[in-house]
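Colleague: Here you go, one structure.
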Amino acid sequence: MFKKILVANRGEIALRVIRACQELGVKTVAVYSEADASAPHVREADEAVLVGPPPSSQSYLVGERLIEVAKRVGAEAIHPGYGFLSERAWFARAVRDAGLVFIGPPAEAIEAMGSKTAARQLAIAAGVPVVPGNTEGVRDADEAIAIAETYGFPVLLKAAAGGGGKGMRIVRARDDLSAALDSARREAKNAFGDDAVYLEKYIEGPRHVEIQVLADMHGNVVHLGERECSVQRRHQKMIEEAPSVAVTPELRARMGATAVAAARAAGYVNAGTCEFLLDRDGQYYFLEMNTRIQVEHPVTELVMGLDLVQWQIRVAAGEALPFAQKDFTPRGWAIECRITSEDPANGFLPSTGRIEYLHLPSGPGVRWDGGIEAGSDVGLHYDPMLAKLIVHAPTRALAIARMRRALLELTIDGVETSRAFHLRVMDDAEFQAGDISIQWLEQRIERLTAPTSEATVLQLAAVAAALVAHEERTAGRASSAPSTPGLSEASGSTGSGLTWAAVARREGLRGS
């Protein structure tokens with residue numbers, strides 16, 4: 001086992017890795033930008049080193065500097081987390097060439113799966129089913145039209161070098177293809193430095209289902225079941241769960257075997273994820289492989305009963321996996337909500353400011369993977385995800401009820417967050433029934449993000465305040481709370497130390 005690991009990331013994933021190391025008895029070194037000088041991950045690590053100004057291009061993305069720091073402090077390995085340098089083959093190779101261990105797959109596996117077109121070619125060669133389409137970037141609009149007419153419209157244009165919805169366009173008619181291709185290329189070039197775009201058949205109403213794999217250096221590869229990731233906005237996941245209501249044990253075995261075959265074909269080692277589209281008829285198609293730990297890994301951990309980050313470290317240290325495929329059957333249900341500093345009622349615009357107050361949920365089956373605390377400053381330099389709220393329960397229905405309860409307990413003052421949006425999803429009848437697809441959220445986004453009217457906020461605040469006053473009178477304490485607040489009293493006190501705005505937030509509403 002390693003004695004010291006440098007964590008080349010920030011926020012909640014940096015804390016996640018640090019905690020895994022602490023349980024393994026491994027010392028940790030945090031890196032931080034000037035904007036993160038007082039961040040929790042800096043304080044929790046055994047050592048911390050400043051690596052640059054706030055922009056990630058001058059700090060967290062400067063791989064040569066991170067490697068130099070690791071060598072200077074005597075770290076034996078680097079854990080990249082997710083994002084930043086986690087899927088950069090050149091960084092994995094540079095870490096290895098420096099005599100350090102990259103806690104992730106080999107650079108060659110990252111290269112094999114890093115390009116979506118290359119991954120498609122590898123998958124086809126391994127007999128893995130893929131969405132019908134071409135395996136190389138299209139040269140021009142004429143070639144794109146010819147390919148599209150082979151498969152029939154609608155088609156999907158996708159950037160070869162990246163993900164997250166960048167460089168992705170749905171095209172439903174021949175006349176729209178040329179302009180969509182130009183637009184997709186520009187966006188891909190800006191996002192990834194590569195304007196290569198390929199084309200595949202667009203599948204209507206599929207689910208996004210992914211399979212977690214884990215492989216060691218001794219030839220052992222297992223899959224850890226599926227995650228349902230269909231609740232997406234602009235191709236960005238917002239809510240994930242494990243298992244999926246659409247996956248039977250037989251389908252899980254087939255999809256899992258396919259993911260294992262893809263991992264073996266790439267020479268994969270460590271934790272990774274194969275992403276699939278699952279259509280309404282139960283047919284599945286390989287999309288890509290994410291060569292890193294996923295944001296949503298906690299739901300798999302909770303239903304499978306193991307620590308994926310610790311196993312990333314153990315595998316990188318040369319340990320063999322001590323379990324077999326037969327040892328893994330999902331137990332119960334887990335759901336994860338990504339808590340972001342965005343305002344859902346205002347088009348999910350980023351929200352900045354200082355976390356003035358933070359109250360975390362607790363109780364049975366509740367897990368909080370966060371990178372913030374009261375006093376944390378939230379800016380625009382980094383991804384808006386503040387934390388992940390995860391619950392585990394015996395059944396999906398109870399997991400939804402538990403998530404709703406946990407969301408109601410959560411209070412974050414100082415910035416707008418996605419909390420109220422997640423509450424509405426938990427209350428949605430279609431979501432509760434599991435009747436979702438990757439288009440589900442986009443088709444209902446206005447209903448799930450509409451701001452609560454000021455009148456409703458005040459009415460519920462008045463009811464809550466009356467209950468507080470009643471409790472105080474019952475306890476023999478005088479209350480100064482007015483029985484019916486007017487508009488001028490919307491930010492006043494209830495008499496119990498709560499403001500009307502705080503009461504409204506407690507009720508899951510967006511204050512005025």
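Colleague: If the limit is 32 Å between Cα atoms, which of Lys27/Lys158; Lys27/Lys189; Lys71/Lys189; Lys3/Lys388; Lys4/Lys116; Lys3/Lys158 go over it?
Modeller: Going by Cα-Cα distance, Lys27/Lys158; Lys27/Lys189; Lys71/Lys189; Lys4/Lys116; Lys3/Lys158 fall outside the 32 Å limit.
Colleague: Once amide H atoms are placed 1.01 Å from N in the peptide plane, what residues at a sequence separation of 5 or more from Asn270, or on another chain, have their amide H within under 5 Å of its amide H?
Modeller: Ala215, Asp216
Colleague: Another question about this same structure. If you average 1/r across every pair of different Cα atoms in segment 107-262 and take the reciprocal, what Kirkwood value do you get, in Å?
Modeller: About 16.8 Å, per the Kirkwood formula over Cα pairs.
Colleague: Give me the percent of Cα-Cα pairs in the chain that sit more than 29 Å apart, rounded to a whole number.
Modeller: 55
Colleague: Hey, another quick one. Take every DSSP beta bridge with both residues inside segment 4-103 and express the antiparallel ones as a percent of the total, to the nearest 5.
Modeller: Around 0 percent antiparallel, to the nearest 5.
Colleague: Could you work out how far apart the two model spin labels at Leu24 and Glu204 are, taking each label as a point 7 Å from the Cα in the direction of the beta carbon, and quote it in nm?
Modeller: Modelled inter-label distance: 4.8 nm.
Colleague: Please list 371-380, 34-43 highest first by mean number of surrounding beta-carbon atoms within 10 Å per residue.
Modeller: Listed from highest to lowest mean packing, they are 34-43, 371-380.
Colleague: Kirkwood Rh, segment 132-201, all Cα pairs: how many Å?
Modeller: After inverting the mean inverse Cα-Cα distance, the result is 11.5 Å.
Colleague: How big is the gap, in Å, between the Cα center of segment 271-346 and the Cα center of segment 194-259?
Modeller: Using only Cα atoms to place each centre, the spacing works out to 9 Å.
Colleague: Mind running the shape call on segment 203-262? Use the C-alpha gyration tensor, a ≥ b ≥ c as the square roots of the eigenvalues: rounded below 1.5 for a/c, prolate if a/b tops b/c, oblate otherwise.
Modeller: prolate
Colleague: Applying a 10 Å radius around every beta-carbon, put 221-230, 54-63 in order of their mean neighbour count, most first.
Modeller: Highest-to-lowest ranking by the protection proxy: 221-230, 54-63.
Colleague: How much length is gained if the chain between Thr329 and Gln283 is pulled fully straight, taking 0.36 nm per residue apart and subtracting their Cα-Cα distance, in nm to one decimal?
Modeller: Difference between extended and current length: 14.4 nm.
Colleague: How long is segment 207-449 along each principal axis, judged by its Cα atoms, biggest number first, in Å?
Modeller: 50, 42, 33
Colleague: To the nearest 20 debye, what is the magnitude of the charge dipole of segment 46-161 about its Cα centre, counting +1 on the Cβ of each Lys and Arg and -1 on the Cβ of each Asp and Glu?
Modeller: The dipole magnitude comes to about 140 debye.
Colleague: Given a Förster radius of 22 Å and the C-beta distance between Lys189 and Thr352 as r, what FRET efficiency does 1/(1 + (r/R0)^6) yield to the nearest 0.05?
Modeller: Computed FRET efficiency for Lys189 and Thr352: 0.20.
Colleague: Another one. To the nearest 20 debye, what charge dipole does segment 207-449 have about its Cα centre, counting +1 at the Cβ of each Lys and Arg and -1 at the Cβ of each Asp and Glu?
Modeller: Roughly 420 debye for segment 207-449.
Colleague: Additional query: Which order do the peptides 7-14, 444-451 come out in when sorted by mean C-beta neighbours inside 10 angstrom, highest first?
Modeller: 7-14, 444-451
Colleague: Gain in length, Lys71 to Ile170, computed as 0.36 nm per residue apart minus the alpha-carbon separation, to one decimal in nm?
Modeller: Stretched fully, the Lys71-Ile170 segment lengthens by 31.0 nm.
Colleague: With charges only on Cβ, +1 for K and R and -1 for D and E, what is the dipole size of segment 53-116 about its Cα centre, in debye, rounded to 20?
Modeller: Around 100 debye, computed over segment 53-116.
Colleague: Each label point is 7 Å from the Cα along the Cα-to-Cβ direction; what then is the distance between the points at Arg139 and Leu50, in nm?
Modeller: The two pseudo-label positions are separated by 5.4 nm.
Colleague: Here's another thing I want to ask about it. Starting from the 7 Å offset along Cα-to-Cβ, what nm value, one decimal, do you get for the label separation of Ala125 and Arg254?
Modeller: 2.6
Colleague: Normalising by the residue count of segment 207-449, find the relative contact order in percent from Cα pairs under 8 Å and 6+ residues apart.
Modeller: 21
Colleague: I want to make sure I understand the PRE zone here: with the label point 7 angstrom from the Cα of Arg93 toward its beta carbon, which residues in segment 262-277 have backbone N atoms less than 18 Å away?
Modeller: 266-269
Colleague: In nm, what is the difference between 0.36 nm times the number of residues separating Arg447 and Glu409 and their Cα-Cα distance?
Modeller: Extra length from Arg447 to Glu409 when fully extended: 11.4 nm.
Colleague: For segment 4-103, compute Rg over Rh where Rg is the Cα radius of gyration and Rh is the Kirkwood radius from the inverse mean 1/r over Cα pairs.
Modeller: Over the Cα atoms of segment 4-103, Rg/Rh equals 0.92.
Colleague: With Rg and the Kirkwood Rh both taken from Cα atoms, where does Rg over Rh land for segment 363-432?
Modeller: 1.00
Bear in mind that the values in this text are calculations on the coordinates, not laboratory data. The model shown is predicted, which means the values in this text are computed figures rather than measured ones. Heads up, the Cβs are rebuilt from the backbone with ideal geometry, glycines too, and the neighbour counts pull from every protein chain shown.
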